Amino acid sequence: MDPFAQRQEDLPQAVLFACNYNSIRSPMAAAILRFLAGRRIYVRSAGVREGEIDPFVIAVMDEIGIDITHHQPRTIEDLEDTSFDLIVTLAPEAHHKALEFTRTMAVDVEYWPTIDPSAATGNREQILEGYRAVRDQLFDRIKKRFDISGMPQA
């Protein structure tokens, strides 16, 4: 049995994905979980600071049929009035911020080290490959962690 897998009835009801700017990793992860789980899980994403959605993210998500063109970056503080069962952090700075943010709350915080693909260099195709690698890593990790490979979308 995969240690990350959960039964459907044990799934968290609300999940926040957090990274540094809410422009690459956390919007990807949130969109993937929404795509896989449908309305079964309330999903949001945020950053330590507010950035702008990265055009390469839009491109690689579109390749798998997920449209995130309307994503509005937000900060963790923007969601302070929202309750989450689980916060998944994708960058060290976001992890520290989430621990600080939740110090008086009963919420699980998990750190999933995830490479920042914006550091990729080369031509457009080489850069896109870096973004695809992160997308695919997140997709696989989310399927395993939330055990939703066979879960019908709502």
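The values are calculated or read from the model by the stated rules, or taken from the named source; none is laboratory data. Just so you know, these numbers come straight off a predicted model, no measurement behind them. Reconstructed Cβ throughout: ideal geometry from the backbone, glycine too, with neighbour counts over all protein chains shown.
Values computed for the structure shown
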{"quantity": "Residue in the stretch 97-108 that is under 16 Å from R141 (Cβ atoms), out of contact with any Gly (no Cβ under 9 Å at 6 or more places or on another chain) and touching a residue at least 24 places away in the same chain (Cβ under 8 Å) present", "calculated": "yes"}
{"quantity": "Single match in Q137, Q126 (criterion: surrounded by 14 or more Cβ atoms within 10 Å (Cβ to Cβ), out of contact with any helix residue (DSSP H, G or I) (no Cβ under 9 Å at 6 or more places or on another chain) and assigned to a helix (DSSP H, G or I))", "calculated": "Q137"}
{"quantity": "From I64, I76, I24, I87, residue being crowded, with 18+ Cβ neighbours inside 10 Å, under 18 Å from V134 (Cα atoms) and among the hydrophobic types (A, V, I, L, M, F, W, C)", "calculated": "I24"}
{"quantity": "Residue among R34, R39 that is among the basic types (K, R), surrounded by fewer than 13 Cβ atoms within 10 Å (Cβ to Cβ) and either within 14 Å of the chain's Cα centre (by Cα) or assigned to a loop (DSSP other than H, G, I, E, B) (or both)", "calculated": "R39"}
{"quantity": "Test result for F56, assigned to a helix (DSSP H, G or I), in contact (Cβ under 8 Å) with a residue 12 or more places away in the chain, under 18 Å from R135 (Cβ atoms) and out of contact with any Ser or Thr (no Cβ under 9 Å at 6 or more places or on another chain)", "calculated": "no"}
{"quantity": "Residues of the stretch 59-94 that turn out to be assigned to a loop (DSSP other than H, G, I, E, B), closer than 30 Å to A106 by Cβ and polar (S, T, N, Q), as a count", "calculated": "3"}
{"quantity": "Filter result (modelled with pLDDT under 95 and in a helix (DSSP H, G or I)) within the stretch 6-26", "calculated": "Q8, E9, D10"}
{"quantity": "The listed residue being at pLDDT 95 or above, out of contact with any Lys or Arg (no Cβ under 9 Å at 6 or more places or on another chain) and more than 19 Å from I115 (Cβ to Cβ), out of D62, D54", "calculated": "D62"}
{"quantity": "Pick from the stretch 117-131, criterion aliphatic (A, V, I, L, M) and more than 11 Å from A59 (Cα to Cα), ranking: modelled with the highest pLDDT", "calculated": "I127"}
{"quantity": "Residue pairs meeting the criteria (Cβ under 7 Å; at least 6 apart or on separate chains; first without any contact (Cβ under 8 Å) to a residue 12 or more places away in the chain, in the stretch 113-133; second surrounded by 10 or more Cβ atoms within 10 Å (Cβ to Cβ) and in a helix (DSSP H, G or I))", "calculated": "A120/Q126; A120/I127; A120/G130"}
